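The block underneath contains the structure these notes are about, expressed in structure tokens.
The values are calculated or read from the model by the stated rules, or taken from the named source; none is laboratory data. Nothing here was measured: the structure is a model prediction, and the numbers come from that model. Because the Cβ atoms are built from the backbone with ideal geometry, glycine has one as well, and the counts that use them run over all protein chains shown.
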Amino acid sequence: MNLLRNKWTWVIAFSALFALSIDLWAWDWTEPSLFGLPYIIVYTVFLEIVLFVLFLLFSRYYWVEDKEVR
């Protein structure tokens, strides 16, 4: 689990999530897709689930109580 304790892993993970949240590819899509919702709503829910998992992993493996220098 050394990879999850690396600062750059989290920088890349959260930066990639931020880049994926910019929805330039679905700017004008309004057709229903899943459960009658537009594509962007389903995509946003998916991104929020990924963000929840990232925060969960971040708080468990990287955010430690002691004051270690990284």
Scan of segment 28-58 for residues that are among the polar types (S, T, N, Q) and part of a helix (DSSP H, G or I), ordered by number
THR44
Would you call ALA26 among the hydrophobic types (A, V, I, L, M, F, W, C) and modelled with pLDDT of 80 or more?
no
Looking at segment 44-66, I want the residues that are more than 16 Å from ASN2 (Cα to Cα) and have a partner that is surrounded by 10 or more Cβ atoms within 10 Å (Cβ to Cβ) and among the charged types (D, E, K, R) with Cβ atoms under 9 Å, at least 6 apart or on another chain. Which pairs are those?
THR44/ASP23
Among the residues of segment 45-61, are any touching a Ser or Thr at 6+ places or on another chain (Cβ under 8 Å) and at pLDDT 85 or above?
yes
The lone condition TRP10 fails out of (1) out of contact with any Phe, Trp or Tyr (no Cβ under 8 Å at 6 or more places or on another chain); (2) assigned to a helix (DSSP H, G or I); (3) not β-branched (Val, Ile, Thr) is (1)
